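Chemist: Sharing a structure here in structure tokens format.
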Amino acid sequence: MTKEKDIEEITKRVVDSKQLTEEEKQRVLGEIKSGKLFDFHTGYPSIDRPWLKFFKMDKYYTINNDKTVYQDILSQNKDYMNDTGVMYLGAKISYKELFQQIDRVAKSLEEYGIKKGDFVTICCAGIPECIYVVYALAKIGAIANMMAPNFDAKQMGERIADCGSKHLIVLDSFYPIIKDTIKKTSVENVVVVPALNSSPLRFLPKKKEEKMSFDNEVLWNQFIKDGKHRTVPATMDYEKNYPFCMVYSSGTTGPSKAIVLSHDSFQNSVLSYNANTIDLNRGQKLYQVVPPWYSTGLSTSVHLPLHGGMIVFQDPRFERDVFVKNIIDHKLHYAIGSTSLYEGFLDEKLTAGKKLTEFYYPVQGGEALNHELKEKLEGKFRDMGVDTKMIVAYGQCECGAQVTSQSQRIDHPADSVGIPIPGVTVKIVDEDFNELPYGQRGQIVANTPCGMLGYYNKPEATDQYFHYDESGVKWSCTGDIGSMGENGDLFVNGRAGDYSIVDGNKIYNFDVENAIRGEEDISLCDCVSMIRDGIEDGFALHLIFTEEKRKEYEEDVEKLYARLRQLQELILRNTQNMDMVPTEFKIRTSFPHKQFGKRDTEAMKLETEGFIHMDKDSLVKNDEKVFKKI
């Protein structure tokens, strides 16, 4: 984005605005002419762009990509080849070795007939071989088709067939899970990667390596040997909007869709940090805990640190205890993880007597983090020796990972998910895509240079996802509900599809949760629709009380019932809506999670046991007792 281009775009946005009066337009156009390009105070975020005042504007206009992801990390690190680039289960891999391994893989890929434009399916956790393969594919112009091992078998087969992928690179522990599915697909060659292949732990006594049972299966080391005689392939020249990888939507609103991300998607994201207020320093360690089949797992957790000459710290075990132990023992500087992982720091069994010395940036995303839990975690960090803030970020795979982020240098309001990253514009719109002013709730849409090219082979779905406004600007429709503050902070309420039907009326589940947010005896809560006989009907409020209160309520059930009645009254008072008052409660000690981290609300919807029914007929909306202070 050049300054001239920015002036052109913001001028057109002002001229085409339906919200501003002619007088307001002339005022803003005059300010633009005098050199002011943001913070116009019109009341509309996409025109004011108040977040720009926090950025390094001299570098903001230098974000202009002209490299592939492979060219970028080579250019960034060519003078630092002896620095450590990756740490993995006791191994330290220098940048020199990293690029040597990428070249070895590129030779083997060509030996197996893989060329520019081909898709190669990768089903691996966070291991060095996954990094080697992804950048080797980028080097020769092939495309990484990233898949999770828990992908629905039918959809996995369909997605592989869609892109015509004939090659699979898979972690040894994942292969048994998907082997039967793969045999029915177009895959012709399977490369199996032992999890400890790059770790000194591979020399420990272990079970004999399982033999490959089909002619088209080969172990990683043999795959590398097969390409040994070849010369290193030429590096593909940069092409604008050339595909780099495919990741997949969650499939919660139908069959999962392949999200095509370009080299520019990744590059524009990492280049934005030059103008950002987030410090990234060469030699510091960033924990890649988000699996690489999510865009965040590849973009922010791998490409960003390699771009910055940092160290990618890998451990493929997606476990809360391992997460906490690694951060403490290895003195990590940055981590990007879900709320459920960070909750491990509140477990005294894991942290008693332990110290944190360099944990500067604990970044959270993927799950809600309420203000109370955030304060508890920050208090725990202070007790352990670091005065650091939890950094909340927001994004989605279709947007290339991050859309907004908090910063240690900015005082963000409670429950904010930060401001748009440099180069990204966010606004809130109504159902007719009219922009809403600060503070009003609607759908979150983003104009981002980091977003997807589209859904692979799904032109209709792509057209539905993108919206072009009266100025011809392309907006990503996130499907999330939220609002924006006057400093540019984004507040996310929840998914537009996160609702329940009560007596024929739609209520947002997150509104119920927000009505009791801040109650000191509640650690976590989740409002989830209930499925009975295959039909969604009503909802239940799932509660995790603090340890002290849980024991108290277990010993005195009448006290528990009284507390649940209080919560009913509080929800009614805060929402003024009887439909939002729950009648079904479930007291829990933990939430079920999917294999790789996110809360499994689909499983919770199907639960039928352990619920407490609390009638609400005695609650009357205008009854004075409902509105008295509890």
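Chemist: What is the one condition in (1) more than 30 Å from Leu570 (Cβ to Cβ); (2) out of contact with any Pro (no Cβ under 7 Å at 6 or more places or on another chain) that Val426 does not satisfy?
Modeler: (2)
Chemist: Restricting attention to the stretch 317-332, which residues are open to solvent by 10 Å² or more (accessible area, probe 1.4 Å) and at pLDDT 95 or above?
Modeler: Asp321, Val322, Lys325, Asn326, Ile328, Asp329, His330, Lys331, listed by residue number.
Chemist: If you take the residues in the stretch 221-274 that are of a type in the set (Val, Ile, Thr) and in a helix (DSSP H, G or I), which one is surrounded by the fewest Cβ atoms within 10 Å (Cβ to Cβ)?
Modeler: Looking at residues that are of a type in the set (Val, Ile, Thr) and in a helix (DSSP H, G or I), I get Ile224.
Chemist: Look through Glu558, Glu519 and report the one residue that is over 23 Å from Pro413 (Cα atoms), of a type in the set (Asp, Glu) and over 24 Å from the mean Cα position of the chain (by Cα).
Modeler: One residue alone meets the criteria, Glu558.
Chemist: Go through (1) at pLDDT 95 or above; (2) touching a Pro at 6+ places or on another chain (Cβ under 8 Å) for Ala275 and report which single condition fails.
Modeler: Going through (1) at pLDDT 95 or above; (2) touching a Pro at 6+ places or on another chain (Cβ under 8 Å) one by one, Ala275 breaks only (1).
Chemist: Counting only residues that are out of contact with any Ser or Thr (no Cβ under 9 Å at 6 or more places or on another chain) and open to solvent by 10 Å² or more (accessible area, probe 1.4 Å), how many does the stretch 116-130 have?
Modeler: Residues flagged as out of contact with any Ser or Thr (no Cβ under 9 Å at 6 or more places or on another chain) and open to solvent by 10 Å² or more (accessible area, probe 1.4 Å) within the stretch 116-130 amount to 2.
Chemist: Asn241 fails exactly one of the following numbered conditions: (1) of a type outside the set (A, V, I, L, M); (2) in contact with a Ser or Thr (Cβ under 7 Å, 6 or more places away or on another chain); (3) within 29 Å of Ala195 (Cβ to Cβ). What is the number of that condition?
Modeler: Just one mismatch for Asn241, condition (3).
Chemist: Name the single residue, out of those in the stretch 470-528 being free of Cβ contacts under 8 Å to residues at least 60 places away in the same chain and touching a His at 6+ places or on another chain (Cβ under 9 Å), that is surrounded by the fewest Cβ atoms within 10 Å (Cβ to Cβ).
Modeler: Ranking the candidates gives Lys474 first.
Chemist: To continue, here is another question. Having 3 or more residues that are within 26 Å of Glu584 (Cβ to Cβ) is the bar; report the strands (runs of 3 or more DSSP E) wholly within the stretch 470-532 that clear it.
Modeler: In the stretch 470-532, 490-495, 499-502, 505-508, 522-532 are the strands (runs of 3 or more DSSP E) which contain 3 or more residues that are within 26 Å of Glu584 (Cβ to Cβ).
Chemist: Might you let me know whether the stretch 363-370 holds any residue that is of a type in the set (S, T, N, Q) and closer than 27 Å to Cys450 by Cβ?
Modeler: Looking through the stretch 363-370, at least one residue is of a type in the set (S, T, N, Q) and closer than 27 Å to Cys450 by Cβ.
Chemist: Counting only residues that are surrounded by 21 or more Cβ atoms within 10 Å (Cβ to Cβ) and not in a helix (DSSP H, G or I), which one in the stretch 88-113 is farthest from the chain's Cα centre (by Cα)?
Modeler: Applying the filter and picking the extreme gives Ile93.
Chemist: Just give me the residues in the stretch 31-58 being within 28 Å of the chain's Cα centre (by Cα) and open to solvent by less than 50 Å² (accessible area, probe 1.4 Å), in sequence order.
Modeler: Tyr44, Pro45, Ser46, Ile47, Asp48, Arg49, Pro50, Trp51, Leu52, Phe55, Met57
Chemist: So which residues in the stretch 397-420 are outside any loop (DSSP other than H, G, I, E, B) and not small (Gly, Ala, Ser)?
Modeler: Passing the criteria: Cys397, Glu398, Cys399, Gln402, Val403, Thr404, Ile419, Pro420.
The values are calculated or read from the model by the stated rules, or taken from the named source; none is laboratory data. Keep in mind it's a predicted model, so treat the numbers as computed, not measured. Methodologically, a virtual Cβ is constructed for each residue, glycine included, from the backbone with ideal geometry; neighbour enumeration extends over all protein chains shown. All accessible areas refer to the heavy atoms of the entire protein, side chains included, with ligands and DNA or RNA removed. Shrake-Rupley method; radii C 1.70, N 1.55, O 1.52, S 1.80 Å.
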